Amino acid sequence: MIRFFGQISYSLYLWHWPLFTFARFSKTSLVLDPLDQIELCALTVAISYLSWRFVEQPFRLGSPAPASRAAFRMAGLATTALLAGSAGGIILSQTPSGADRDAMMLDVYNSYDVGPIYRAGSCFRYDGGAFDDARCLGAVADKQNVLLWGDSYAAQYYHGLDHTIDRARVNLLQATQAACMPTLNASAQGNASCRSFAGQMDAFFRDRKPDLVIVSADWLEYARPPRFDGMIADLNQTIARINATGVAVVLLGPGVQFRSRLPSMLMRAQLRQIDPLPQDFVLPDIFGLDRMMKAALPAHEKFSYISVVDAVCPAWQCPLTIDGGIPLAWDHAHLTAEGSVYVMERLMPISGVERK
């Protein structure tokens, strides 16, 4: 078996990329599911063997046939046609089409800068460092002090919150750390940055009492089997400790996630001239996890669970673009600035935060 794959390895290398690329492009969802990948692997092996057996081997082992004038003429004609086609393509490409303009608009999201809208480096950390106390965690008397706590899936909501709260009556605090679940159980964290984050927040809640804590995170990641029960137990313990100090907690359920990078999927859909449908783009796992979390975290005094997908995706129909074609997310899940405002406008009425 090892020898067989070694023999056809070069053909495998040549064939797998176009097969997988064109198969992905042919899918309405533009994403290959596990069955697609298995079938493509089998097809790639079969074609690679035929290519090795009937093309590569005869070329390597057979005697080269003398070239004829007819062969040279055919090669010349093929070269001329290729050059003419290339020249025509270059000329036609000088004037961008509507699809080209749309694709260029979507392409900018491949280098989307989230630093300003996440407040990276001060209130959104990547390294477990200390938060800027005055800017991120400073309370203001005579205002409702609301803390946004979590990972990047919480940081994405800061911009939307900032644009929908009543700044005259609300002071927005932020403590967010990349790839770290919001918990006060430092020993449960898998790396030093997350342990530092949990320790900082434990100290914060010992000394200060915001009026409301909004918790959000990549629950789909932290609940991967078999970790769901452990995640829920950790959340219940953390919520209970915060509630015991008299502070109310709102937990935002799973946000909208897509099967792949949303701008790239939209771009391919435009090039194929197909109407993008939410059911083909949205990752269905978020709805199942939302139901499970909703059942496992029932509302009680000073705690409420808010279903993001119920508010944003009525009948499971999540928006893909907003405000004239702006993608809801700049990657597979993280909201654009406009997407953050769009989502928070729908969550604010049930969040307990004072609105404009």
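Every number in this text was worked out from the coordinates using simple rules, so none of it is lab data. Keep in mind the model is a prediction, meaning the values are calculated, not measured. Virtual Cβ from ideal backbone geometry, glycine too; neighbours counted across all protein chains shown.
In table form, for the structure just shown:
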item: Angle in degrees between helix 337-347 and the longest Cα principal axis of the chain, rounded to the nearest 10; result: 50 degrees
item: Spatially proximal aspartates and glutamates relative to Lys302 (Cα-Cα < 12 Å; intrachain offsets below 8 disregarded); result: Asp211
item: Length gained when the stretch Ala42-His332 is fully extended (0.36 nm per residue, less Cα-Cα span); result: 101.5 nm
item: Anchor Lys294: aspartates and glutamates whose Cα lies under 19 Å away (excluding residues fewer than 8 positions away in-chain); result: Asp218, Glu221, Asp229, Asp234, Asp285, Asp310
item: J(HN,Hα) series, the stretch 40-49, from Karplus relation 6.51 cos²θ - 1.76 cosθ + 1.60, nearest Hz, glycine and proline x; result: 5, 4, 5, 5, 4, 5, 5, 5, 5, 5
item: Linear extension gain, Arg206 paired with Arg272, 0.36 nm per residue minus alpha-carbon span; result: 18.2 nm
item: Long-range HN-HN contacts of Ala329 with modeled amide H, under 5 Å; result: Thr336
item: Highest-fluctuation residue, Arg119, Arg259, Arg291 considered, GNM on the chain with Cα pairs under 10 Å; result: Arg291
item: Choice from Leu251, Leu297, Leu50 with maximal GNM fluctuation in the chain (Cα, 10 Å cutoff); result: Leu50
item: Listed residue (Thr321, Met348, Thr44) projecting farthest to the positive dipole end of the chain, Cβ model; result: Thr44
item: Estimated distance in nm for a label pair at Ile350 and Asp285, the labels positioned 7 Å out from Cα along Cα-to-Cβ; result: 2.4 nm
item: Per the chain, cysteines lacking a partner by the 4.7 Å Cβ criterion; result: Cys41
item: Karplus-derived HN-Hα couplings along the stretch 170-177 (A = 6.51, B = -1.76, C = 1.60, θ = phi - 60°), whole Hz, x at Gly and Pro; result: 10, 10, 9, 9, 8, 9, 9, 10
item: Furthest towards positive pole of dipole, Trp15, Leu335, Ile2, structure part the chain, Cβ charges; result: Ile2
item: J(HN,Hα) series, the stretch 229-246, from Karplus relation 6.51 cos²θ - 1.76 cosθ + 1.60, nearest Hz, glycine and proline x; result: 4, x, 4, 5, 4, 5, 4, 4, 5, 5, 4, 4, 5, 5, 4, 5, 8, x
item: Reach of Lys356 by Cα under 12 Å, taken over aspartates and glutamates that are not fewer than 8 positions away in the same chain; result: Asp162, Asp166, Glu345
item: Computed over the chain: relative contact order in percent, which uses C-alpha pairs under 8 Å that are six or more apart; result: 18 percent
item: Nonlocal amide H pairs with Asn171, under 5 Å, H built at 1.01 Å; result: Gln144, Asn145, Val146
item: Sites matching chymotrypsin sites (Phe, Trp or Tyr not before Pro) across the stretch 116-203 that sit in DSSP coil, with at most 15 neighbouring C-beta atoms within 10 Å; result: Tyr126
item: Student exercise, the stretch 109-350 dipole from Lys, Arg, Asp, Glu Cβ charges, in Debye to nearest 20; result: 240 debye
item: Separation in nanometres of the label points that stand 7 Å from Cα toward Cβ, at Tyr49 and Leu61; result: 1.6 nm
item: Förster radius 30 Å - calculated FRET efficiency between Asn236 and Lys143, Cβ distance, rounded to 0.05; result: 0.55
item: For Val213, residues with placed amide H under 5 Å, excluding near neighbours; result: Leu147, Ala248, Val249, Val250
item: Helix axis angle, 285-296 relative to the chain longest principal axis, alpha carbon, degrees; result: 20 degrees
